[in-house]
Amino acid sequence: MDDLFRFADEIGPLQLAHIYRPSTGLKAVVAIDNIACGPAIGGVRMAPDVTAEEAFRLARAMTLKNAAAGLPHGGGKSVIFADPKMPLAEKERLIRSFASAIADLVDYIPGPDMGTDELAMGWIKDENGRAAGLPREIGGIPLDEIGATGLGVATAIEVARGFIDLELKGAKVAIQGFGSVGKHAAGFLGEKGALLVAASDSKGTIADDSGLDVAALIALKAEGRPLSDHSRGRKLGPDAVIDIPCDIWIPAARPDVINEGNVGRLRTRLVAEGANIPCTLKAEEALAARNILVLPDFIANAGGVICAAMEWQCATESAALAAVEEKIRVNTRAMLEAARRSGILPRAAAMALALERVHNAMRTRRW
Ligand code: NAD
């Protein structure tokens, strides 16, 4: 058996396409993991050091995320081996070459990921008619601008609070990372009466137990300035956000920020994972042992992909936001009820839910 089949299991991957175009220098791999729920949707990652294995693992993560989100989509992902900072004209040529090369892979809908953006999705759509995460002018819904993922995080928290008897009005929130996810989560939670007591960016943490001015912090970031430029609050190092006592702690920056080495420092009741894999599995287990509820990334931060799927169906912006709220509300509740029933971690319950949906969908398919 060829080594390429080492990833194969009862779900997929259905197809691993190795793409090379000598004329443009394009080198890419497309992984279509599973399409039982519908055509695979997943990002195009451009970086010099990506691997085929990464494409497959990210595609599997998308199969589970899309199924957990209740979307009519399977999982896929592609990687292009190149430096995303190349001159724009060169990048356009490479992306268009990629789009033309995958024209026949009709079960895969590309979206933006590291190293690609809305403009790149516009080029792909122009070449082969198939891409999500498009510029607004050609039917896109700008999910970062409207805060789709932040809305999803806030919605998941609103459902979870009922499971730990936490009142959102006056609840203290600390957020690590104040970009597209973090700032919008702060805004939506503020609308529900929660109090932002700490926020951090790569430069530092700003903290105020009586509550920070969310709108002023968002305005500051829009000017490209660090949070520490804010006139009020205590100025601390970037890592200090982990130590802030709060009711809700939201990682919205980097992977693996909470691990066995620092998980004991968190003083909170609820962790809502806005970032992807911000806590190691061991850290999630340690939090569960301390009775701290963790809402796993692929349930809590699915707002972006739900929005992209709605864009694919030509939905309006308000319909997309309504879908984010509805789907995350239903899935968070289903996950937490299953976790409580079976005495397992929410992540394990969400995984079981996603796998059940994929297997049920596979039973409806002929092949
Ligand atoms: P972003 O680039 O807009 O913002 C990232 C923020 O994190 C910035 O404020 C940056 O200063 C801060 N940051 C970086 N390093 C930090 C550090 N060491 N300590 C504190 N803050 C730090 O990114 P984003 O779109 O908000 O995404 C954040 C995370 O959420 C990523 O893991 C991303 O993969 C994930 N995610 C994003 C979306 C989305 O819709 N944007 C959807 C799902 C998951």
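What are the pairs with Cβ atoms under 6 angstrom where one residue, in segment 76-103, is more than 21 Å from Glu53 (Cβ to Cβ) and the other, located anywhere, is part of a strand (DSSP E or B)? Sequence gap at least six, or different chains. Listed pairs, sorted by first residue: Leu94/Leu26; Ser97/Arg21; Ser97/Leu26. With respect to Glu326, determine if the residue is acidic (Asp, Glu), more than 16 Å from the ligand (Cβ to nearest atom) and either touching a Lys or Arg at 6+ places or on another chain (Cβ under 8 Å) or not assigned by TED's automatic domain parsing to the domain that holds Leu189 (or both). When the stated conditions are applied, Glu326 passes them. Total residues in segment 41-61 satisfying the condition of being assigned to a helix (DSSP H, G or I) and out of contact with any Phe, Trp or Tyr (no Cβ under 6 Å at 6 or more places or on another chain): the figure is 9.
Scanning for something within 14 Å of the ligand (Cβ to nearest atom), at pLDDT 95 or above and within 19 Å of the chain's Cα centre (by Cα), does segment 286-296 turn up at least one residue? Yes, some residue in segment 286-296 is within 14 Å of the ligand (Cβ to nearest atom), at pLDDT 95 or above and within 19 Å of the chain's Cα centre (by Cα). Looking only at segment 257-287, residues that are under 20 Å from Ala198 (Cα atoms) and among the charged types (D, E, K, R) come to 4 in all.
Going through segment 222-239 one residue at a time, which ones are buried (at least 21 other Cβ atoms within 10 Å of the Cβ) and away from the ligand (no atom under 13 Å from the Cβ)?
Matches in segment 222-239: Gly233 only.
Taking segment 159-179 as the range and being surrounded by fewer than 24 Cβ atoms within 10 Å (Cβ to Cβ) and within 16 Å of the ligand (Cβ to nearest atom) as the test, only Gly179 passes. Quick check on segment 286-297. Is at least one of its residues crowded, with 16+ Cβ neighbours inside 10 Å, part of a helix (DSSP H, G or I) and in contact (Cβ under 8 Å) with a residue 40 or more places away in the chain? Yes, because at least one residue in segment 286-297 is crowded, with 16+ Cβ neighbours inside 10 Å, part of a helix (DSSP H, G or I) and in contact (Cβ under 8 Å) with a residue 40 or more places away in the chain.
I'd like to check something: does segment 214-221 contain any residue that is more than 13 Å from the ligand (Cβ to nearest atom), touching a helix residue (DSSP H, G or I) at 6+ places or on another chain (Cβ under 9 Å) and not hydrophobic (A, V, I, L, M, F, W, C)? Among the residues of segment 214-221, not one is more than 13 Å from the ligand (Cβ to nearest atom), touching a helix residue (DSSP H, G or I) at 6+ places or on another chain (Cβ under 9 Å) and not hydrophobic (A, V, I, L, M, F, W, C), which makes the answer no.
Can you find a residue in segment 329-340 that is part of a helix (DSSP H, G or I), under 21 Å from the mean Cα position of the chain (by Cα) and among the polar types (S, T, N, Q)?
We begin by selecting, within segment 329-340, every residue part of a helix (DSSP H, G or I); these are 329-340.
Among the residues that remain, those that are also under 21 Å from the mean Cα position of the chain (by Cα) are: 329-336.
Still in the list and also among the polar types (S, T, N, Q): 331-332.
Yes, segment 329-340 contains a residue that is part of a helix (DSSP H, G or I), under 21 Å from the mean Cα position of the chain (by Cα) and among the polar types (S, T, N, Q).
Can you say whether Leu212 is out of contact with any strand residue (DSSP E or B) (no Cβ under 9 Å at 6 or more places or on another chain), over 22 Å from Asn301 (Cβ atoms) and either in contact (Cβ under 8 Å) with a residue 60 or more places away in the chain or in the same structural domain as Gly237 (by TED's automatic domain parsing) (or both), as far as the supplied structure shows? Write out each step before concluding.
On the way: out of contact with any strand residue (DSSP E or B) (no Cβ under 9 Å at 6 or more places or on another chain): no; over 22 Å from Asn301 (Cβ atoms): yes; either in contact (Cβ under 8 Å) with a residue 60 or more places away in the chain or in the same structural domain as Gly237 (by TED's automatic domain parsing) (or both): yes.
When the stated conditions are applied, Leu212 does not pass them.
Out of the residues in segment 260-285 that are part of a loop (DSSP other than H, G, I, E, B), away from the ligand (no atom under 16 Å from the Cβ) and free of Cβ contacts under 8 Å to residues at least 60 places away in the same chain, state the one that is farthest from Asp247 (Cα to Cα).
Taking segment 260-285 and keeping what is part of a loop (DSSP other than H, G, I, E, B), we get 260-262, 266-269, 273-278, 280.
Then drop every residue that is not away from the ligand (no atom under 16 Å from the Cβ), which leaves 260, 267-269.
If we keep only those that are free of Cβ contacts under 8 Å to residues at least 60 places away in the same chain too, we end up with 260, 267.
Values: Glu260: 21, Arg267: 8 Å.
Here the answer is Glu260.
Considering segment 180-213, and only residues there that are among the β-branched types (Val, Ile, Thr) and within 11 Å of the ligand (Cβ to nearest atom), the residue that is farthest from Glu167 (Cα to Cα) turns out to be Thr205. Only one of Ile250, Ile242 is within 11 Å of the ligand (Cβ to nearest atom), farther than 18 Å from Val153 by Cα and touching a helix residue (DSSP H, G or I) at 6+ places or on another chain (Cβ under 9 Å); which? Within the list Ile250, Ile242, the selection yields Ile242.
Consider segment 137-158 and keep the residues that are of a type outside the set (D, E, K, R) and within 13 Å of the chain's Cα centre (by Cα). The one that is nearest to the ligand (Cβ to nearest atom) is Thr149.
The values are calculated or read from the model by the stated rules, or taken from the named source; none is laboratory data. Since we're looking at a predicted model, the values are computed, not measured. When we count neighbours, we look across all protein chains shown, and the Cβ atoms used for this are built from the backbone with ideal geometry, even at glycine.
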